[in-house]
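The values are calculated or read from the model by the stated rules, or taken from the named source; none is laboratory data. Remember, it's a predicted structure, so these values are computed and weren't measured experimentally. Every residue, glycine as well, gets a Cβ built from its backbone with ideal geometry; the counts of neighbours run over all protein chains shown.
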Amino acid sequence: MDPKVAANLGAAFAMGIGSIGPGLGIGMGVRAAMEAIGRNPEAADRLFTPMIVGLGLAEAVAIYCLVTALALIFVGGG
């Protein structure tokens with residue numbers, strides 16, 4: 001198999017599979033925060049900062065996948 005084809009295929013799998021976890025994590029995190037705010041609207045200010053930090057950590061995994069995919073495309077393809 002041509003190295004460029006293998007690098008592009010690896011990048012596609014890195015982004016496709018690597019984005020599933022952060023997508024689910026962000027969705028579940030926002031859902032839980034919205035349910036908590038719906039039950040107790042006064043707690044919205046206390047929930048906002050931890051929610052943003054958690055979403056940022058989940059998004060970091062997707063960014064690592066993007067960096068890996070770009071490295072495979074630009075460096076691994078020869």
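Which one of these is among the small types (G, A, S) and touching a helix residue (DSSP H, G or I) at 6+ places or on another chain (Cβ under 8 Å): G16, G54, G38, G27? Spell out how you get there, then give the answer.
On the way: G16 fails: touching a helix residue (DSSP H, G or I) at 6+ places or on another chain (Cβ under 8 Å); G38 fails: touching a helix residue (DSSP H, G or I) at 6+ places or on another chain (Cβ under 8 Å); G27 fails: touching a helix residue (DSSP H, G or I) at 6+ places or on another chain (Cβ under 8 Å).
Just a single option satisfies the conditions, and that option is G54.
Considering only the range 17-36, I want to know if a residue exists there that is surrounded by fewer than 16 Cβ atoms within 10 Å (Cβ to Cβ), polar (S, T, N, Q) and either in contact with an Asp or Glu (Cβ under 9 Å, 6 or more places away or on another chain) or touching a residue at least 40 places away in the same chain (Cβ under 8 Å) (or both). It would help to see each step written out before you state the result.
First pass over the range 17-36, keeping only residues surrounded by fewer than 16 Cβ atoms within 10 Å (Cβ to Cβ): 17, 19-21, 23-24, 27-28, 30-32, 34-36.
This time we only want the ones that are polar (S, T, N, Q), so: 19.
Remaining after also requiring either in contact with an Asp or Glu (Cβ under 9 Å, 6 or more places away or on another chain) or touching a residue at least 40 places away in the same chain (Cβ under 8 Å) (or both): 19.
Checked the range 17-36: at least one residue is surrounded by fewer than 16 Cβ atoms within 10 Å (Cβ to Cβ), polar (S, T, N, Q) and either in contact with an Asp or Glu (Cβ under 9 Å, 6 or more places away or on another chain) or touching a residue at least 40 places away in the same chain (Cβ under 8 Å) (or both).
Tell me the residue from A33, A69, A43 that is modelled with pLDDT of 90 or more and over 19 Å from the mean Cα position of the chain (by Cα), please.
Details: A33 fails: over 19 Å from the mean Cα position of the chain (by Cα); A69 fails: over 19 Å from the mean Cα position of the chain (by Cα).
Going through A33, A69, A43 in turn, the sole match is A43.
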